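Asker: Input: one structure, supplied below.
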Amino acid sequence: MAQVELRNVRKTYPGSAAEVIKGVDVSVGDGEFLVLLGPSGCGKSTLLRMVAGLESISSGDAVIDGKTVNQLEPKDRNIAMVFQNYALYPHMSVFDNMAYGLKVAGLPKAEIAQRVGEAAEMLELTPYLERKPRALSGGQRQRVAMGRAIVRKPAAFLFDEPLSNLDAKLRTSMRMQIKQLQRRLGVTSLYVTHDQVEAMTLADRIMILNQGVVEQIGTPMEVYSQPASLFVAAFIGAPGMNFMDGTVSGGGHAVTLKTGEVLSLGSGAVASAQDGREVTLGIRPEHFALTPEGDGAHLTLTADYIEQLGADTLVHGKFGTGMLVVRVAGERSVAEGDKLALTATPEHLHLFDRESGRRIG
Amino acid sequence: MIETRQTGRLIAHFLLIVAVIAMGFPLYYTFIASTHTSSEILSPPLSMLPGSNIAGAYGLALTKGASSAGNVSMTLMLWNSLVMALAIAIGKIVISMLSAYAIVFFRFPLRLVCFWMIFITLMLPVEVRIVPTYQVIVSLGLLDTYAGLTVPLMASATATFLFRQFFLTIPDELVEAARLDGAGAMRFFKDILLPLSRTNIAALFVVTFIYGWTQYLWPLLVTTDPAMGTIIVALKKMVNFSDADTPWDAVMATAILALLPPVAVIVGMQKLFVKGLVETEK
Ligand SMILES: Nc1ncnc2c1ncn2[C@@H]1O[C@H](COP(=O)(O)OP(=O)(O)OP(=O)(O)O)[C@@H](O)[C@H]1O
Ligand SMILES: [Mg+2]
């Protein structure tokens, strides 16, 4: 169990000019579950592999348990990694797959058998110990990969999209298992995914990466309710946040949309000096409320396309020059062509600078 | 429909039977000849049934051979051939596996140059470099030695290339998992690469064993002492221009004897060999 710290870590792959990781600072607390989230190619795997020691660190430091590990071989970093394709040794039994690292480390046979036995018990793999990976289902292979990590009793677990080869249902149940296991063992974990649901459900804190830059680090709720940038706001939540262009008005107490509507910022008012600043206003689909026509409505939307999900209904409609998505309760019947009068609660409005995309207020 | 399928099957069977006969008959006839005396063989037609000289023919081959081949026993020739074929097969596998390992898994300067140098030798058959190689063996004083017989034939671009292709199919993650498990270069080779290559090694062993066993030109060049010859060379030497001087019964027996070890290797390795050809382990 240990802390994992990255200090201004940068990475440029040899032979390519572009910097892939552009100065990442993060400290993962003892027993914390940090999820690295971001779109494909943003450098999540690269970052994780630098912690594992599978890629060199171009500049900056990786610190595990208070010790700078930049120059250490992966095996000496006291970490265990779970790969997307499991990377099990095809010619070894499940037992040997889990035991191999311990054998190499020269542990006594009895201790190996005991540790593997415990891990197998925990992961419900005991009946399969003699099988080859080929004879296992995807979920079972995934658990063997987990077992291989567990038996080493590492300071930290590193996961690189460990669930993305599983079907949706299995993914949900494995997600829960991983979380419970991590809680139970209390091992510091770094988990890479591009699936925001996975990130929200697993993480103690989420770190959102965009093209090698950290956009935000925060708890799932912080990331959801206080997105630090347009990028985070758009990335977290499904369907994504609605964005509208506008300017700050009313001495910092309101936003005037390009389409003319004025939305009060309520307690989220910004300094009056901000008046006239060009902003992008963000509202999540679930933060609109339907009101009777004319009753203090802020916006009116013509329903264009309707998706019924059961519990909720998503209404897509034209607004101004763009589209808005609104989530309404499943019982509320909406038909295409209906005009919906909407209000948006002030505390759920997000303001971002139009130029930099950073959050205001 | 059924009829055409049946005629199709008949035709297929007919073709297969013809092929089996075409392949098998010379072998059968050689065997029959090896059970008759030399004079019976020389006065056609030869019976299609085994004769009674089986002990005589094989006894002669295994003890004395023929005067034209230096009167050495074929037991010794079989032994020499076995040593040569095994040394070449094992040597080829060891060398090519190690060089492929280096080329695929290690970054060192001129790695690609090394690969291409090995690869380019594929273009040169043994015969092209046989004279300089012979010169080297003579200078090293390796004529009439097992080393002289085998070492020059061990390096193999083909086998290196095959192992390289196989190693390239091993996922990076597997290599990385082994690194995380603390397996060093040698450990990885022994514990992971070797077992994964099992079927490839078996297939290559069969092919290279037969290659070594059937060598003719090279052993003929580098051995002058009849006792150092191989069975293939001896077989050729036993046959004289004049039929009268050729102990045909012993020749036929030797031919059969020369066939047996490669057949034994193929049969013994068949299971692994076929697996190596058809199945790529996941
Ligand atoms: N070995 C390499 N050499 C050069 N560039 C690389 C190498 N590996 C990755 N990259 C580049 O680094 C960037 C980040 O790659 P990385 O694999 O870390 O992305 P990722 O966030 O894990 O994406 P994904 O979700 O698709 O796995 C990409 O632009 C990729 O092209
Ligand atoms: Mg990745």
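The values are calculated or read from the model by the stated rules, or taken from the named source; none is laboratory data. All of these numbers come straight from a predicted model, not from anything done at the bench. When we count neighbours, we look across all protein chains shown, and the Cβ atoms used for this are built from the backbone with ideal geometry, even at glycine.
Asker: For the stretch A:64-82, check the following and say yes or no: at least one residue is assigned by TED's automatic domain parsing to the domain that holds A:G138, within 16 Å of ligand 2 (Cβ to nearest atom), among the aliphatic types (A, V, I, L, M) and under 24 Å from B:P195 (Cα atoms).
Answerer: Yes, the stretch A:64-82 contains at least one residue that is assigned by TED's automatic domain parsing to the domain that holds A:G138, within 16 Å of ligand 2 (Cβ to nearest atom), among the aliphatic types (A, V, I, L, M) and under 24 Å from B:P195 (Cα atoms).
Asker: Output yes when any residue across the stretch A:239-247 is within 16 Å of ligand 1 (Cβ to nearest atom) and either touching a residue at least 12 places away in the same chain (Cβ under 8 Å) or away from every other protein chain (no Cβ under 14 Å) (or both), and no when none is.
Answerer: For the stretch A:239-247, residues within 16 Å of ligand 1 (Cβ to nearest atom) and either touching a residue at least 12 places away in the same chain (Cβ under 8 Å) or away from every other protein chain (no Cβ under 14 Å) (or both): absent.
Asker: To continue, here is another question. For the subset of the stretch A:150-176 comprising residues that are more than 14 Å from chain B (Cβ to nearest Cβ) and buried (at least 18 other Cβ atoms within 10 Å of the Cβ), which member is nearest to ligand 1 (Cβ to nearest atom)?
Answerer: Here the answer is A:L163.
Asker: Filtering the stretch A:17-52 down to residues that are assigned to a strand (DSSP E or B), under 24 Å from A:K179 (Cα atoms) and over 14 Å from the mean Cα position of the chain (by Cα), which residue is farthest from ligand 1 (Cβ to nearest atom)?
Answerer: So the residue we want is A:S27.
A quick yes/no check of all residues on (1) touching a residue at least 40 places away in the same chain (Cβ under 8 Å); (2) part of a helix (DSSP H, G or I); (3) out of contact with any Phe, Trp or Tyr (no Cβ under 7 Å at 6 or more places or on another chain):
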| position | (1), (2), (3) |
| --- | --- |
| B:F189 | yes, yes, no |
| B:L204 | yes, yes, yes |
| B:F209 | yes, yes, yes |
| B:W218 | yes, yes, yes |
| B:L221 | yes, yes, no |
| B:A227 | yes, yes, yes |
| B:D249 | yes, yes, yes |
| B:V265 | yes, yes, no |
| B:V274 | no, yes, yes |
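Asker: Going through the stretch B:1-54 one residue at a time, which ones are small (G, A, S), loosely packed, with under 11 Cβ neighbours inside 10 Å and within 30 Å of the chain's Cα centre (by Cα)?
Answerer: Scanning the stretch B:1-54 gives B:A19, B:A22, B:G24.
Asker: Separate question: Could you name every one of the strands (runs of 3 or more DSSP E) located completely within the stretch A:209-313 that has at least 1 residues being modelled with pLDDT of 85 or more and farther than 28 Å from A:Q196 by Cβ?
Answerer: Counting at least 1 such residues, we get A:242-249, A:254-257, A:262-264, A:278-283, A:299-308.
Asker: While we're here: What number of residues within the stretch A:1-19 are among the β-branched types (V, I, T) and either under 19 Å from A:N78 (Cβ atoms) or touching a Leu at 6+ places or on another chain (Cβ under 9 Å) (or both)?
Answerer: Qualifying residue count, the stretch A:1-19: 2.
Asker: Within the stretch B:217-239, how many residues are surrounded by 23 or more Cβ atoms within 10 Å (Cβ to Cβ) and among the β-branched types (V, I, T)?
Answerer: Selection size over the stretch B:217-239: 3.
Asker: Would you mind stating whether A:Y86 is within 14 Å of chain B (Cβ to nearest Cβ), within 16 Å of ligand 2 (Cβ to nearest atom) and either touching a Lys or Arg at 6+ places or on another chain (Cβ under 8 Å) or modelled with pLDDT of 95 or more (or both)?
Answerer: For A:Y86, the condition - within 14 Å of chain B (Cβ to nearest Cβ), within 16 Å of ligand 2 (Cβ to nearest atom) and either touching a Lys or Arg at 6+ places or on another chain (Cβ under 8 Å) or modelled with pLDDT of 95 or more (or both) - is met.
Asker: Answer with yes or no whether A:E73 is within 12 Å of chain B (Cβ to nearest Cβ), surrounded by fewer than 22 Cβ atoms within 10 Å (Cβ to Cβ), acidic (D, E) and more than 12 Å from ligand 1 (Cβ to nearest atom).
Answerer: For A:E73, the condition - within 12 Å of chain B (Cβ to nearest Cβ), surrounded by fewer than 22 Cβ atoms within 10 Å (Cβ to Cβ), acidic (D, E) and more than 12 Å from ligand 1 (Cβ to nearest atom) - is met.
Asker: With respect to the numbered conditions (1) of a type in the set (A, V, I, L, M, F, W, C); (2) touching an Asp or Glu at 6+ places or on another chain (Cβ under 6 Å); (3) within 14 Å of chain A (Cβ to nearest Cβ), which one is the sole condition not fulfilled by B:A185?
Answerer: Unmet for B:A185, out of (1) of a type in the set (A, V, I, L, M, F, W, C); (2) touching an Asp or Glu at 6+ places or on another chain (Cβ under 6 Å); (3) within 14 Å of chain A (Cβ to nearest Cβ): (2).
Asker: In the list A:L209, A:L202, which residue meets the criterion of being buried (at least 19 other Cβ atoms within 10 Å of the Cβ), within 16 Å of ligand 2 (Cβ to nearest atom), away from chain B (no Cβ under 14 Å) and under 13 Å from the mean Cα position of the chain (by Cα)?
Answerer: Checking each option against the conditions leaves just A:L209.
Matching residues to (1) within 14 Å of chain B (Cβ to nearest Cβ); (2) more than 20 Å from A:G38 (Cα to Cα); (3) within 16 Å of ligand 1 (Cβ to nearest atom):
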{"site": "A:M221", "(1), (2), (3)": "no, no, no"}
{"site": "A:F231", "(1), (2), (3)": "no, no, yes"}
{"site": "A:T256", "(1), (2), (3)": "no, yes, no"}
{"site": "A:S264", "(1), (2), (3)": "no, yes, no"}
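Asker: Criterion first (away from chain A (no Cβ under 14 Å) and either of a type outside the set (K, R) or part of a helix (DSSP H, G or I) (or both)) does B:I170 satisfy it?
Answerer: no
Asker: Considering only residues of the stretch B:188-200 that are modelled with pLDDT of 90 or more, under 22 Å from B:M269 (Cα atoms) and more than 8 Å from every other protein chain (Cβ to nearest Cβ), which is surrounded by the most Cβ atoms within 10 Å (Cβ to Cβ)?
Answerer: B:S197
Asker: Still on this model: Looking at B:F106, B:F119, B:F163, which is the one that is at pLDDT 85 or above and surrounded by 15 or more Cβ atoms within 10 Å (Cβ to Cβ)?
Answerer: One residue alone meets the criteria, B:F163.
Asker: State all residues of the stretch A:46-63 that are under 19 Å from A:P154 (Cβ atoms), within 16 Å of ligand 2 (Cβ to nearest atom) and within 14 Å of chain B (Cβ to nearest Cβ); if no residue qualifies, say none.
Answerer: A:L48, A:R49, A:M50, A:V51, A:A52, A:L54, A:E55
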